[in-house]
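Laboratory data are not the source of any read-out in this text; all were calculated from the coordinates shown. Please read these numbers as outputs of a predicted model, since none were measured by experiment. Glycine also receives a Cβ, built like all others from the backbone with ideal geometry; neighbour counts cover every protein chain displayed.
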Amino acid sequence: MKAFIVTGTSRGLGFEICKQLIKRNHLIISIARNNNDTLLELAAQNNCEMHFVKYDLQYTEGISDLIQGILKLVINTKLESITLINNAAQVTPLGSIDCCTPEETVRNVQTNLLAPILLTQSLIKQTEQWGIHRVIVNISSGSAKQAAAGMSVYCASKAALNMFTSCIQLESHRSLTTYTVDPGMVDTDMQAVARIEEGLPMSDFFREVKETGSLKSADDVAKKIVKRVLTS
C-alpha cells in the first residue's frame, strides 16, 4: 500500500493529481479548504481509500497537528511508502508591490512557502522511525526563475521553495526523496486570475497564451507528475 498526501485538491492541478492517483492499492489524503465530492465518488468506485481533510494552509501554526492527525489515519496500514505533494498555492496579490496589502502578502507567503516548509518538516520528523520510503514533491513554477513585474510575491515564494527543496536534498534523512516539479503554464483558475488582473504587465501575455491554445491541460500535466511520483 502506498499513501499520498496532496494539498490544494478542490480544483485545478491538485484535483487532477488526486484523480490520477486513485488506484486500488493507494491510500489518499486530500487537503483543501473545500471538498470535491467527485474525488470521493471516484475513489469509492475504484475501491481506493480516500480521506478529505478540510484545512486552510495559511493557518500555519496548526500544521504540525494537521500532519499528526493525518498520520493517525494511516498508521495501522501496511505501507511501503508515503508521499507528500505540496501543490496548494495562490498567485495573488498581483500588481506593483506598493499596491499589495500586508495581509495579502502574508497570506501568499504562508500558503506558497511556509506551509510547504512546515508540512515537510512535520512529515519527516513524525515518520523518521517508520521504516518506509518517504517522498516529498514540491510543485514549483517557471515564475521561480523568471522575474515578472506585478508578480513579485508569487515569484519570490516559488523561488524560495525551490531553494528550500535543494537544501533538504543535501541533508541526511533516512529513505527520503525530495524534488520540485515545474508544471509549465497550465490552464487553471490561477491563470485565469492573472489574465484579468487590471494593471498587471503580464496580463496581455497570459491572454495571448490562452487564446493561442498554448496552455497545457491540468489533466496532461497531472499524468506526467503522477508517473514520476510512482517511480520515485
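Measuring from the lowest to the highest alpha carbon on each principal axis, how far does the range 67-118 reach, largest first, in angstroms?
Sorted largest first, the three principal extents are 52, 16, 13 Å.
Can you tell me what the convex hull of the Cα atoms of the range 1-59 projects to on average, as an area in nm²?
Details: hull surface 14.1 nm².
Computed as one quarter of the Cα hull surface, the answer is 3.5 nm².
Per-residue HN-Hα couplings for the range 105-113, Karplus 6.51 cos²θ - 1.76 cosθ + 1.60 at θ = phi - 60°, whole Hz, x for Gly and Pro?
Calculated HN-Hα couplings, in order: 5, 4, 4, 4, 5, 5, 6, 7, 10 Hz.
Most fluctuating residue of F164, F15, F52 in a GNM of the chain with Cα springs under 10 Å: which is it?
F164
Once every Cα of the range 45-144 carries one equal point scatterer and solvent is ignored, give the base-10 log of I(q)/I(0) from the Debye formula at q = 0.23, 0.24 Å⁻¹, two decimals.
-1.30, -1.37
Note down the magnitude of the dipole of the range 19-78 about its Cα centre, charges +1 on Lys and Arg C-beta and -1 on Asp and Glu C-beta and zero elsewhere, to the nearest 20 debye.
280 debye
State which entries of K19/K223; K72/K158; K54/K224; K2/K72; K158/K210 exceed 19 angstrom in Cα-Cα distance in the structure shown.
Values: K19/K223 9 Å; K72/K158 30 Å; K54/K224 27 Å; K2/K72 15 Å; K158/K210 22 Å.
Pairs exceeding the cut-off: K72/K158; K54/K224; K158/K210.
Divide by every residue of the chain the summed helix terms, -39500 (n - 2.57) for each DSSP H run of at least 4, and state the resulting mean residue ellipticity at 222 nm, rounded to the nearest 500 deg cm²/dmol.
Numbers: 9 runs with 100 residues, N = 232.
Value at 222 nm, helices only: -13000 deg cm²/dmol.
Can you give the translational diffusion coefficient of the chain in µm²/s, computed by Stokes-Einstein from the Kirkwood radius over Cα pairs at 10 °C and 1.306 mPa s?
Working: Rh = 18.1 Å.
The Stokes-Einstein estimate is 88 µm²/s.
R0 = 35 Å: FRET efficiency of K216 with K78, Cβ-based, nearest 0.05? All intermediate terms of the calculation are to be shown ahead of the outcome.
Details: r = 36 Å, r/R0 = 1.04.
Taking R0 as 35 Å, the efficiency between K216 and K78 is 0.45.
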